[in-house]
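Trainee: One structure coming up, written as structure tokens, with questions to follow.
The values are calculated or read from the model by the stated rules, or taken from the named source; none is laboratory data. This structure is a prediction, so every number in the text was calculated from the model and none was measured. Virtual Cβ from ideal backbone geometry, glycine too; neighbours counted across all protein chains shown. Quick note on the areas: whole protein, heavy atoms, side chains included, nothing else; ligands and nucleic acids left out. Shrake-Rupley method; radii C 1.70, N 1.55, O 1.52, S 1.80 Å.
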Amino acid sequence: MARRKATLNRMDLRDQHDAAERQQEETAETETDEEEDEEEDEDDEEADEEEAEEPAAEAEDDEGEGLDDDDEPRPKKKKKKKVVKEVKPKATRSRARAVKIVRQRYVWGVFNNSNQRVATYEYPKRADADKHAAKLSEEKKSTFFVQPIKEPIEEKKEKDKEKDKEKEKK
């Protein structure tokens with residue numbers, strides 16, 4: 001029978017990884033400090049030797065024979081620590097108001113050839129709309145047709161306001 005492997009705790013693994021990285025950074029820092037100290041000692045010794053040399057020896061160094069500085073290993077650069085930026089919470093957006101759905105109704109419209117509405121009839125009065133279209137086409141000797149149209153329904157409040165305005169005008 002096969003044994004089931006234990007599930008790995010990702011947080012513990014992450015902590016171990018971070019600890020290993022910190023330890024590597026610390027060892028790298030101590031190594032660079034030691035190398036810098038050694039280089040300072042060598043620089044001091046070279047400065048003492050240069051003071052003791054004759055001017056002719058300095059001319060030879062200028063010609064390109066003195067490559068002591070380039071032969072030495074360069075110190076390792078210190079690793080830059082990663083800067084952790086604080087994550088600011090995003091500003092919550094105010095919800096846009098939902099578009100008010102306007103109720104619509106069907107009506108019959110009588111149109112001429114250039115699609116201009118001549119008359120409208122309530123939806124149940126299709127026969128009246130057809131009669132009107134036939135009458136206009138006989139009188140004007142051009143084509144008229146009937147087509148359904150969607151119109152927005154006006155709310156009662158708006159109708160009441162309009163009635164009030166009409167009463168005030170009278």
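Trainee: If you go through region 101-124, how many residues are among the β-branched types (V, I, T), part of a strand (DSSP E or B) and over 21 Å from L136 (Cβ atoms)? So that I can check it myself, show each step before the final result.
Mentor: The initial filter retains those residues of region 101-124 that are among the β-branched types (V, I, T), namely 101-102, 107, 110, 118, 120.
If we keep only those that are part of a strand (DSSP E or B) as well, we get 107, 110, 118, 120.
Keeping just the survivors that are over 21 Å from L136 (Cβ atoms) gives none.
The qualifying residues number 0.
Trainee: A further question follows. How many of the residues making up region 123-143 are within 26 Å of Q104 (Cβ to Cβ) and touching a strand residue (DSSP E or B) at 6+ places or on another chain (Cβ under 6 Å)?
Mentor: Of region 123-143, the ones within 26 Å of Q104 (Cβ to Cβ) are 123-133.
After this cut, where a residue has to be touching a strand residue (DSSP E or B) at 6+ places or on another chain (Cβ under 6 Å) as well, the list is 123, 126, 128-130, 132-133.
The qualifying residues number 7.
Trainee: What are the pairs, 6+ residues apart or on separate chains, where a residue within region 129-152 that is touching a residue at least 40 places away in the same chain (Cβ under 8 Å) has its Cβ under 8 Å from a residue that is of a type in the set (V, I, T)?
Mentor: From region 129-152, the pairs are P148/V107; I149/V107; I149/T120; E151/V107; E151/T120; P152/V102.
Trainee: Suppose the filter is open to solvent by less than 100 Å² (accessible area, probe 1.4 Å), modelled with pLDDT of 70 or more and either part of a loop (DSSP other than H, G, I, E, B) or in contact with a helix residue (DSSP H, G or I) (Cβ under 7 Å, 6 or more places away or on another chain) (or both); does A20 pass it?
Mentor: Numbers: open to solvent by less than 100 Å² (accessible area, probe 1.4 Å): yes; modelled with pLDDT of 70 or more: yes; either part of a loop (DSSP other than H, G, I, E, B) or in contact with a helix residue (DSSP H, G or I) (Cβ under 7 Å, 6 or more places away or on another chain) (or both): no.
The answer is no for A20.
Trainee: For K85, which of the numbered conditions (1) under 30 Å from E25 (Cα atoms); (2) part of a helix (DSSP H, G or I); (3) of a type in the set (K, R) fails to hold?
Mentor: (2)
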